[in-house]
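What follows is one structure encoded as structure tokens, with my remarks underneath.
The values are calculated or read from the model by the stated rules, or taken from the named source; none is laboratory data. Small disclaimer: the values here were computed from a predicted structure and weren't measured. With ideal geometry, Cβ positions are generated from the backbone for all residues, glycine too; neighbour counts draw on all protein chains shown.
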Amino acid sequence: MSVTAADLKKVFAKAVPADVMAKIDPAQPMAAQGVDSLAITAMAVALQHAYGVTVTPEDGVRLKTLNDVAAWVNTVKAAS
Amino acid sequence: MTTRAEAIARLGSCPDTVRPGLAYAVGDFAPDDAEGVAALFHTVYGDTYPLDAYYIPETIRRLCGQGELIPVVARLEGGEVIGFTALYKASPPFPGLMEFGLGLVHPAYRGSFVLFHLFSAMMARLEALPGVEAVFGEAVCDTIITQHASSLFGFHETALELGLMREKEPGAGRGACLVMFRNVRDRRRVLHHTACCAGHLGRLVAGAGLDRELVLVDGGDTDAGPTRIATQLFPSAGVLRANVFSLGKDREAELVKIEQQAWAEGCQVCQMYLDASLPGPAAAVPLLRRAGYGFGGLIPRWFDSDALLLQKLLDPPRAELINLYSASAEALLAMALESGGEA
């Protein structure tokens, strides 16, 4: 089953303050919506724990939106 | 020797050549990175960062050469430093306990995964770093994000420092810091304590995965030798910290002297770090609690052996402003508040 942006919002519930998370548009860059580097760090670790996937520097440059992250998780999981 | 003003003037005259969206690599600091690190501090903080060292490349190189600063950096292909994190020697008497607290990302790369890669690289290197036996951080409790991120990298909360930070604006209240600890290499140690904090200590030791022999002492116990205390004054924070290595028969008068020094220096907070490897300092807990000190928790490896934190504040802590990420951290707050902690 594919991972969706809604799934990620649940996974990231502790990584990002609830008021910020509630307003996130999955199609818009997270950085422009109040998600800072520390929150993204916590999100990356949460991805490791939830899905066993690790963002590489090469991946990281391309992942701007929640939809980008969901698509990337699905690609990595499909390839593994 | 370059001064802070000279270094900042030089940094201000150099254009920022960092462009967004480029590939980066993370690795150990090399001496040639020092100029880029100084430029990054200037880009992020302007001229406001309180420590001169990070603006002066030769000082950065010297600190790294001496092992007082152990950085990991993120670089672009052109060598520009876009991210920095470091372990550094701070105030613990034990040099093998280093603080982990610096994390900078160039504004063009905020919202990227640079900080995650920096932290991951640092954690992966910990066991190979000579002389580093444990690391700790002080997560400011105005937000839970730092606490949460620290826990995800294997840190465990062991103490809550009430009123450690000056208030950001009048009426905002002094900030608390959650002490988060990660052991690197350790052995079984004796941890002396009195009955009043036995339950809390058992929980903290288990939570941090420490191998400790908990030894109960009587509140009247003193050490055979003389009292030995070293104080550290942090004027900008308004905090006096006393490292209590041993307490002899003059303990009560000596502890009173320390507290009087704190208030005379204009401090708002007096912290006692009691070396729990000896019975004397640990036995002073009931005495300090009667004098208005609260039990803040355990600082593992502070002296190489562990420290019990007792703290006294001139003004009551603003508990409603302390944000904590876990039930165990909330239990630390309840413990610190229940046991006093204000003058």
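Against the numbered list (1) over 17 Å from the mean Cα position of the chain (by Cα); (2) within 22 Å of B:ARG301 (Cβ to Cβ); (3) at pLDDT 95 or above, B:VAL135 comes up short only at (1).
Among residues of region B:13-31 being small (Gly, Ala, Ser) and under 28 Å from B:GLN66 (Cβ atoms), the one that is farthest from the other protein chains (Cβ to nearest Cβ) is B:ALA30. Look at (1) of a type in the set (Ser, Thr, Tyr); (2) surrounded by fewer than 19 Cβ atoms within 10 Å (Cβ to Cβ); (3) more than 26 Å from B:PHE113 (Cα to Cα) and you find that B:THR59 fails only one, number (2).
For B:ALA5, the conditions (1) within 29 Å of the chain's Cα centre (by Cα); (2) more than 14 Å from chain A (Cβ to nearest Cβ); (3) in contact (Cβ under 8 Å) with a residue 12 or more places away in the chain are fulfilled apart from (3). Filter region A:18-35 for residues that are part of a helix (DSSP H, G or I), of a type in the set (Gly, Ala, Ser) and more than 10 Å from every other protein chain (Cβ to nearest Cβ) and give the result. Those that are part of a helix (DSSP H, G or I), of a type in the set (Gly, Ala, Ser) and more than 10 Å from every other protein chain (Cβ to nearest Cβ): A:ALA18, A:ALA22. Tell me whether region B:112-126 contains one or more residues that are in a loop (DSSP other than H, G, I, E, B), within 14 Å of chain A (Cβ to nearest Cβ) and under 26 Å from A:ALA18 (Cα atoms). Checked region B:112-126: at least one residue is in a loop (DSSP other than H, G, I, E, B), within 14 Å of chain A (Cβ to nearest Cβ) and under 26 Å from A:ALA18 (Cα atoms).
Give the residue that is nearest to B:PRO20 (Cα to Cα), with candidates limited to residues of region A:60-80 that are part of a helix (DSSP H, G or I) and at the interface with chain B (Cβ under 8 Å from one of its Cβ atoms).
Taking region A:60-80 and keeping what is part of a helix (DSSP H, G or I), we get A:60-62, A:66-79.
Going one step further and asking which of them are at the interface with chain B (Cβ under 8 Å from one of its Cβ atoms), we end up with A:60-61.
Values: A:GLY60: 13, A:VAL61: 9 Å.
By that ranking, first place goes to A:VAL61.
Scanning region B:152-164 turns up one or more residues that are under 16 Å from A:ALA42 (Cβ atoms), assigned to a helix (DSSP H, G or I) and within 14 Å of chain A (Cβ to nearest Cβ).
The single residue among B:GLY202, B:GLY137 that is part of a helix (DSSP H, G or I) and free of Cβ contacts under 8 Å to residues at least 60 places away in the same chain turns out to be B:GLY202.
Reported count of residues in region B:29-68, each being outside any helix (DSSP H, G or I) and over 23 Å from B:ARG110 (Cβ atoms), is 5. Please verify whether B:ARG174 is farther than 21 Å from B:LEU333 by Cβ, assigned by TED's automatic domain parsing to the domain that holds B:VAL269 and not acidic (Asp, Glu), treating the condition exactly as stated. So B:ARG174 does not fit the description; no. With respect to the conditions (1) buried (at least 20 other Cβ atoms within 10 Å of the Cβ); (2) at pLDDT below 95; (3) part of a helix (DSSP H, G or I), A:ALA15 falls short on a single one, namely (3). Exactly one residue out of B:THR158, B:THR227 is surrounded by 13 or more Cβ atoms within 10 Å (Cβ to Cβ) and closer than 22 Å to B:GLY292 by Cβ, and it is B:THR227.
Assess whether B:ALA34 counts as being within 14 Å of chain A (Cβ to nearest Cβ) and within 20 Å of B:ALA121 (Cβ to Cβ). No, not satisfied.
Comparison of B:ALA262, B:ALA329 shows that the only residue that is buried (at least 19 other Cβ atoms within 10 Å of the Cβ) and within 14 Å of another protein chain (Cβ to nearest Cβ) is B:ALA329. Report, by residue number, each residue of region B:167-201 that is out of contact with any Leu (no Cβ under 6 Å at 6 or more places or on another chain), among the β-branched types (Val, Ile, Thr) and over 17 Å from B:GLU213 (Cα atoms). Of everything in region B:167-201, just one residue is out of contact with any Leu (no Cβ under 6 Å at 6 or more places or on another chain), among the β-branched types (Val, Ile, Thr) and over 17 Å from B:GLU213 (Cα atoms), namely B:VAL179.
Looking only at residues in region A:43-52 that are buried (at least 19 other Cβ atoms within 10 Å of the Cβ) and over 21 Å from B:LEU76 (Cβ atoms), the one that is nearest to the other protein chains (Cβ to nearest Cβ) is A:VAL45. Selection over region B:97-107 of residues that are surrounded by fewer than 18 Cβ atoms within 10 Å (Cβ to Cβ) and either away from chain A (no Cβ under 13 Å) or closer than 23 Å to A:VAL69 by Cα (or both) gives a count of 2.
I need the full set of residues from region B:174-199 which are buried (at least 21 other Cβ atoms within 10 Å of the Cβ) and of a type outside the set (A, V, I, L, M, F, W, C), in order please. Answer for region B:174-199, where residues must be buried (at least 21 other Cβ atoms within 10 Å of the Cβ) and of a type outside the set (A, V, I, L, M, F, W, C): B:ARG174, B:GLY175, B:HIS192, B:HIS193, B:THR194. Just one of the listed residues (B:ALA30, B:ALA39, B:ALA74) is farther than 30 Å from B:ALA242 by Cα and surrounded by fewer than 18 Cβ atoms within 10 Å (Cβ to Cβ), namely B:ALA30.
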